[in-house]
Amino acid sequence: MASDPTSGTPTQPEGQARPEDQAHPADDGAGLDPAETLRLIRQHQEAARDATEPDGRLLFGAWGLAWVIGYLAMWTTARETGSPEPWAGWLFACCIAGATAFTIVHSITRTSGTRGASARIGALYGWTWFLAFTALGVVLGAMGDAGASPEVMAIAANGFACVIVGLMYIAGGLLFEEIRMAAVGGWMLVAAVLAAFAGMPNTYLVMAVAGGGGFLAMAVVEQVFRSRRRSPGSAVRTEGGGWRA
């Protein structure tokens with residue numbers, strides 16, 4: 001190592017890195033900035049959340065198809081006589097049973113990998129669907145035994161079913177912190193009121209368009225939000241349920 005002849009200070013040979021440069025390498029920009037790191041963390045959190053909580057797109061789609069198919073069949077066959085054909089009633093019952101079964105299985109399956117309160121909430125929420133519609137069937141049977149007219153039975157069956165679905169979706173929105181899920185539940189309650197005053201057989205059409213259509217519309221909205229959430233630089237979800245860029 002050479003020395004400066006005027007000061008006696010050793011000089012560094014040309015082309016050789018100095019010790020201070022080796023200890024503190026220059027920042028070449030290869031590391032992630034804080035904003036990018038935070039975005040990646042939130043993406044992983046959203047992915048974990050999506051894997052362990054019910055998928056709104058699937059739930060909205062299942063109920064939307066069930067209501068559109070079932071209620072349109074009821075309305076189409078009841079336009080002339082005021083009463084739907086038996087096959088339409090069975091088709092509607094199968095659609096509702098299928099949507100209910102799917103909701104139960106999906107809710108329990110999505111939360112099966114979790115432990116503690118989350119697992120219990122998912123299981124209880126799923127089975128509450130079954131209990132609610134079982135109770136509805138018993139109540140409707142009692143109304144029939146008491147001499148309720150077919151028109152009263154139809155309005156009660158549609159209205160009570162819509163109220164159950166609306167309240168369950170509101171409860172699901174609160175449990176899983178899904179504002180759109182709660183919004184659909186509120187709309188279902190509005191649809192129940194509209195259908196009750198529409199009269200027979202238009203009540204079936206209202207349920208198909210307002211109820212089933214509302215579910216399908218929200219399924220599309222849910223897909224749009226999920227796509228935005230996963231795209232670079234898009235809005236991300238905050239803990240309060242809001243969205244920000």
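The values are calculated or read from the model by the stated rules, or taken from the named source; none is laboratory data. This is a predicted model, so every value here is computed, not measured. Glycine also receives a Cβ, built like all others from the backbone with ideal geometry; neighbour counts cover every protein chain displayed. Ligands, DNA and RNA are stripped out before the accessible areas are found, and what is left, the full protein with its side chains, is counted by its heavy atoms. Shrake-Rupley method; radii C 1.70, N 1.55, O 1.52, S 1.80 Å.
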Check your understanding: Counting only the heavy atoms of the protein chains, how much of Met153 is accessible to a 1.4 Å probe, in Å² to the nearest 10?
Key -> 50
Study note, to complete from the structure: Ala142 and Ser227 label points (each 7 Å along its Cα→Cβ direction) are spaced in nm at 4.8
